[in-house]
Structures are given as structure tokens and as C-alpha cells.
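Worksheet: one structure, shown below.
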Amino acid sequence: MSTTHTPRIFSGIQPSGGLTLGNYLGALKRFAELQGTGPQTVYCVVDLHAITVWQDPETLRAQTRAAAAAFMAAGVDPAQSILFNQSQVPAHAELAWLFNTVARVGWMYRMTQFKDKAGKNSENSSLGLLAYPSLMAADILAYHATAVPVGEDQKQHLELTRDIAAKFNHDYGVDFFPITEPLIEGTATRVMSLRDGTKKMSKSDPSDASRINLTDDADAIAQKIRKARTDAEPLPGSIEALKDRPEARNLVNIYAALAGETPDAVLARFEGQGFGAFKPALAELAVDALAPITARMNEYSADPAEIDRILGEGADRAEAIARPIVEETKAIMGMVRSR
Ligand code: AQP
């Protein structure tokens, strides 16, 4: 017997730093576009994930509010979507514990994000960093989410979420959790560092020049693009010809995503030209796209009490969906429910 689950979209972003152009193009922009397309949209600032590496408490609070401001500035409307911070809905941590008994340790050690973040000294990383994907599965499955918009880097964690759902359903002989689909779409599912085209643009990269922050002003954006690493070759006529030029490919992909065009359409205009011509055009486009978002972020950020109110209201609505799902999970697993 197979249950059909009502379509529902869930996704989250860690407040582990200021959000970047990578987070915008790979995630936030898609979050806004998916609103009003049918499925209910549930979006979360995942503060419980952020603390898997050390966060200063005051900075974490500020970054959580800044991330919520970025969601709204990018077009997430708290009236259309549920917007909240993860730690205000206890269902996430509860379900993560239950999933810790379903997931296998070996699955966690295989995660490339754990290997990257734990580095050589993995014995000394937090237990939470290893168990991170189990909490991510709980985030998604506490809402019986059927689809999750994410960047390419989260694909492996999404596969693990599907494995946890399938193993739970199999072990308990139920068809309770959906097998969630990843939504990895667009031309900027993996925005790369401006300093190294083989590394993902990341909010926690020690080099600020490696990324465009959503809080950067026009001058900072233009300067970072001007200084972005490239090569001396002119641009070719197709993206295929850039397969061994990661920095060049990255800038073309960013241009295409911001302009809403295909990379080949962008290259058709710039074929034969060098970065002396391309970079100023990209800088202008990036400033035009990001300046209104930064301005809206600043407006939202000026009223932290209103952000807190929105997050609290979102948490109430989120809890109303997640609570019965977690209670039913416990009942399926054999826990006595008597209140
Ligand atoms: N460079 C990127 N290109 C496209 N999408 C990206 N995402 C992140 N970086 C890129 C997408 O943004 C969403 C939120 O990511 P996250 O905050 O949960 O963590 P992350 O993927 O680990 O992102 P960062 O910026 O690299 O954070 P830190 O430095 O703290 O680890 C996800 O959908 C992700 O795919």
C-alpha cells in the first residue's frame, strides 16, 4: 500500500555567517519562486545546525535575524510561507533523536560535508557535526515534505534523508514518511568561490574576497568581481568550451542566473571578448540585482522586534504541522502515549 502525501516544500539555511550570492541563487531565489505554485512552502533558519560548529551567542542571534531579513528581502512572504527559526520548534530535535536510532554511523562518516568540515581532526569535531544529516532529515520529514529546493552541495544529504525515510518505513512496516524529491534547478546550483573556481562559494570561507555577501554595497561587489580570479583567454561561444576553465565558467553561470538567461545565450553576446569587457557587465548586473535586496534587508533589520514576532508566529504554525507527525512517529515506534 502506498500513501500519497500532500505536496509540501521545506528548506532551510544556516545562520552560520552572512548569506552569500551562492545562498541567494542556489536557495533563496528559488524559495520565493516556489511560493504560490501549489504546495505549501515551509522555510526555516536552521540555528540548531549552525551550532554544530562554534557560534558566539550574540553573533548567532544577530545572524539568525539577518538571515530571516534576507529570506523576506529575497521575496519570501511570511503570509504565503511559514518562516521560522528551527530551535523554536522542538519537533526538529525530537525527531532527529528518533532518526539517530534509524540512521547508521557509517552513513554519517561517508558524508563529504562532514569530511570537509571536520578536516583532519575529525575526532575533535562535535558529535552534532557528525549527526547533522539526521537533524536535516528530521527538518524535512517532520513536515512530511515531498520536495526540497537546495543547491548541488546538499544533494548527498537529501539522499540520506530518503534512505532514513525508507529504512524507517521498512523497519516498522509502515508507509509513513514520504521519499522526498530534491529540487536542484537553474544555472547556479553550485556558485563557486571568486578566488578558486574549484571550491564552493561559502559564507564561512575565511576570505571575504571569495564571496559576494548580500550585505555588500555596490563598490564592494564591483571590486570583488574585478578582482575575481580568471584566465587570459577570450570567452568562447558555448559553455561546453569552458569545461576546463572553472573560474570563467563560474562567472558566466552567475551572469546567466542573474539575467535569467542560458549560459550559451550569454556567451553568444560575449564570444571573442575578454574579461576586461565581461567583468564590468557582470558587476553592473550583480549590483542591479542585489541592491534592492540589500536595501530591503536593511529595512527589515531595522526592526528586530518585528522579525522576532514573525519568527514566533511562523514557529507556532510550523509546530501545528510537525507535532502530530512526531507524536505519530513515537506511537509507531512503540512509545506509550497517555497524555
Ligand atoms: N555556493 C553555493 N551555490 C549554490 N547554492 C548554495 N548553497 C550554499 N552555498 C551555495 C545553498 O544554500 C542553502 C543553504 O546552505 P546552508 O546555509 O545550509 O549551508 P551550506 O550549504 O553549508 O552553505 P555555506 O554558505 O557553505 O555555509 P557554511 O559556510 O556555514 O557551511 C542550501 O540549499 C545550499 O545548497
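Does G17 satisfy being within 7 Å of the ligand (Cβ to nearest atom), within 19 Å of M72 (Cβ to Cβ), modelled with pLDDT under 95 and touching a helix residue (DSSP H, G or I) at 6+ places or on another chain (Cβ under 9 Å)?
Answer is yes for this residue.
From the list D196, D175, the one residue that fits, being acidic (D, E), touching a residue at least 12 places away in the same chain (Cβ under 8 Å), within 30 Å of K224 (Cα to Cα) and open to solvent by less than 50 Å² (accessible area, probe 1.4 Å), is D196. Look at (1) under 23 Å from D47 (Cα atoms); (2) touching a helix residue (DSSP H, G or I) at 6+ places or on another chain (Cβ under 9 Å); (3) within 13 Å of the ligand (Cβ to nearest atom) and you find that K155 fails only one, number (2). Residues in region 306-339 that are free of Cβ contacts under 8 Å to residues at least 12 places away in the same chain and farther than 30 Å from I221 by Cβ: 12 in all. Screening I221 with (1) touching a helix residue (DSSP H, G or I) at 6+ places or on another chain (Cβ under 6 Å); (2) more than 15 Å from the ligand (Cβ to nearest atom); (3) open to solvent by less than 70 Å² (accessible area, probe 1.4 Å); (4) free of Cβ contacts under 8 Å to residues at least 60 places away in the same chain gives one miss only, at (4).
Here is a yes/no grid of residues against (1) surrounded by fewer than 21 Cβ atoms within 10 Å (Cβ to Cβ); (2) more than 14 Å from the ligand (Cβ to nearest atom):
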| site | (1), (2) |
| --- | --- |
| P149 | no, no |
| K167 | yes, yes |
| E185 | yes, no |
| K227 | yes, yes |
| L235 | no, yes |
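When region 25-63 is filtered for residues that are polar (S, T, N, Q), more than 12 Å from the ligand (Cβ to nearest atom) and open to solvent by less than 30 Å² (accessible area, probe 1.4 Å), the ones remaining, listed by number, are Q35, T41. Scanning region 69-109 for residues that are of a type in the set (F, W, Y) and crowded, with 23+ Cβ neighbours inside 10 Å returns F71, F84, F99. Of all the criteria given as (1) within 23 Å of T59 (Cβ to Cβ); (2) in contact with a Phe, Trp or Tyr (Cβ under 6 Å, 6 or more places away or on another chain), the one not satisfied by F278 is (1).
The values are calculated or read from the model by the stated rules, or taken from the named source; none is laboratory data. Not measured: the values here are computed from a predicted model. Neighbour counts are summed over all protein chains in view; Cβ atoms, including those assigned to glycine, are modelled from backbone coordinates with ideal geometry. With ligands, DNA and RNA removed, areas are computed over all heavy atoms of the protein, side chains included. Shrake-Rupley method; radii C 1.70, N 1.55, O 1.52, S 1.80 Å.
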